[in-house]
Amino acid sequence: MAKFISLVKYTAKGIENIKESPNRLDAVKQLCKSMGASVEGFYLTMGSYDIILIVDAPNSETAAKIILTVTSGGAVSTETLTAFSEEEYRKIISELS
């Protein structure tokens with residue numbers, strides 16, 4: 001499984017319907033589960049981004065489908081990063097020539 005960190009911002013539509021946000025999170029969790037992924041972490045944040053979402057997905061294609069499905073609702077926009085664990089980081093660095 002691969003880790004993906006999404007930096008999420010509410011859109012105007014998302015803020016207008018902020019009280020629906022917990023239900024949208026539940027829907028995201030269900031979507032992930034249906035695609036063989038899982039929400040590993042969710043954080044409401046203050047600053048440049050409103051939410052940090054950490055998803056464990058089988059591959060990049062699955063993560064892209066999840067993000068595209070979520071953002072197509074219009075309540076949020078995202079910037080998503082592929083994340084490597086410390087173990088993966090050490091392996092990558094050790095293989096450099």
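Values computed for the structure shown
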| read-out | value |
| --- | --- |
| Residues of region 78-88 satisfying the condition of being out of contact with any helix residue (DSSP H, G or I) (no Cβ under 6 Å at 6 or more places or on another chain) and either under 22 Å from GLU20 (Cα atoms) or open to solvent by 40 Å² or more (accessible area, probe 1.4 Å) (or both) | GLU79, LEU81, THR82, PHE84, SER85, GLU86, GLU87, GLU88 |
| Any hit, region 25-33, residues being of a type in the set (Gly, Ala, Ser) and either over 13 Å from THR71 (Cα atoms) or surrounded by 15 or more Cβ atoms within 10 Å (Cβ to Cβ) (or both) | no |
| Unique match (being surrounded by fewer than 15 Cβ atoms within 10 Å (Cβ to Cβ) and in contact with a Ser or Thr (Cβ under 6 Å, 6 or more places away or on another chain)) among ILE52, ILE93 | ILE52 |
| Enumeration of residues in region 19-34 that are among the aliphatic types (A, V, I, L, M) and either in contact (Cβ under 8 Å) with a residue 40 or more places away in the chain or farther than 11 Å from VAL76 by Cβ (or both) | ALA27, VAL28, LEU31 |
| Flag for ASN17 being at pLDDT below 95 and open to solvent by 50 Å² or more (accessible area, probe 1.4 Å) | yes |
| Pair list, Cβ < 8 Å and 6+ apart or interchain, from region 1-13 residues that are over 8 Å from ALA57 (Cα atoms) to residues that are part of a helix (DSSP H, G or I) and of a type in the set (A, V, I, L, M) | SER6/ILE67; TYR10/ILE18 |
| Any pair with Cβ under 8 angstrom, 6 or more apart, that starts in region 70-97 at a residue that is of a type outside the set (D, E, K, R) and ends at one that is open to solvent by 90 Å² or more (accessible area, probe 1.4 Å) | GLY74/LYS13; ALA75/LYS13; ALA75/GLU20; ILE92/PHE84 |
| Matching residues in region 66-76 - criterion: being surrounded by 15 or more Cβ atoms within 10 Å (Cβ to Cβ) and under 13 Å from the mean Cα position of the chain (by Cα) | ILE66, ILE67, VAL70, THR71, VAL76 |
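The values are calculated or read from the model by the stated rules, or taken from the named source; none is laboratory data. From a predicted model like this one, the values you see are computed outputs, not experimental measurements. Here Cβ is always computed from backbone atoms with ideal geometry, including for glycine, and neighbour counts include all displayed protein chains. Ligands, DNA and RNA are excluded from the accessible area calculation, which covers all protein heavy atoms including side chains. Shrake-Rupley method; radii C 1.70, N 1.55, O 1.52, S 1.80 Å.
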